[in-house]
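One structure is given below, encoded as structure tokens.
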Amino acid sequence: MLKYLWLTALIIVLDLGSKAIVSQHFSLYETMAVIPGWFNLTLAHNSGAAFSFLAEESGWQRWFFAAIALIVSTIIFFWIKRLQTHERWMAIALASVLGGALGNLWDRLTLGYVIDFLDVYYQSGLDNAMHWPAFNIADMAISIGAVMLIIDALFTKEDTNSTR
């Protein structure tokens, strides 16, 4: 099922390309309203993990998260390789997670932080907005792939009566 690695490559290209464009045109924390009251482009650097977990540490987290991403990516690659031809949903889910993991890993290894720029929020008052942490295309791919894996686990039945 390695044929689904095209999706991994597409996610990496879209992720790194969008990060490069935003980084070229925005200063750190510069914001541009796309849909006022709902969605901004805001350049942010995240040296931690999801929701900036461990971002304030001294730098060891860069290598810790990079090692985790490498290990998980290797496991996912071999998992995809072992899938049967009828497991397309699982292949797409895993290829999505792999693409996101590798996109963020590239940032972490080359920059020391992950570039985030998608800022979704709800503005309930003039000075009172509720923001979701900034994220990127790699994060979206990981999240979508993870939801697909959960759906697969909940709703796919194994055929226990098959003959061998």
Inset, instruction - Determine the relative contact order of the chain: mean sequence separation of Cα pairs under 8 Å and six or more apart, normalised by residue count, in whole percent. - result: 30
Inset, instruction - With a point put 7 Å past each Cα toward its Cβ, work out how far Leu2 is from Asn128 in nm, to one decimal. - result: 5.7
Legend entry - Relative contact order computed over the stretch 104-158 (Cα-Cα under 8 Å; 6+ residues apart), in percent: 25
Legend entry - Charge sum, other residues only, whose C-beta stays under 13 Å from Phe135's C-beta, Lys/Arg counted +1 and Asp/Glu -1: -4
Inset, instruction - List the residues whose amide H sits under 5 Å from the amide H of Ser47, counting only those 5 or more places along or on another chain, with H placed 1.01 Å from N in the peptide plane. - result: Val114
Legend entry - Computed E for Lys157/Phe64 - FRET, C-beta separation, R0 35 angstrom, nearest 0.05: 0.40
Inset, instruction - Figure the gain on full extension for Thr74 and Ala33 (residue separation times 0.36 nm, minus the Cα-Cα span) and round it to one decimal in nm. - result: 10.9 nm
Inset, instruction - Neighbouring Cβ atoms within 10 Å as the yardstick, rank Lys3, Lys19 fewest first. - result: Lys3, Lys19
Legend entry - Residue-count net charge about Leu41 - beta-carbon cut-off 12 Å; Lys, Arg +1, Asp, Glu -1: -2
Legend entry - Cut-off 13 Å between beta-carbons: net charge of the residues surrounding Gly100, Lys and Arg +1, Asp and Glu -1: -2
Inset, instruction - Take each complete run of DSSP H in the chain, measure how far its Cα atoms stretch along the helix's own axis, and keep only those covering 15 Å or more with mean Kyte-Doolittle hydropathy at least 1.0; list them. - result: 5-25, 60-82, 137-155
Legend entry - Fluctuation leader among Ser27, Ser96, Ser18 - the chain, Gaussian network, Cα springs under 10 angstrom: Ser27
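Read-outs throughout are calculated quantities, based only on the coordinates presented, and are distinct from any laboratory measurement. Please read these numbers as outputs of a predicted model, since none were measured by experiment. Cβ sites come from the backbone with ideal geometry, for glycine too, and all protein chains shown count toward neighbours.
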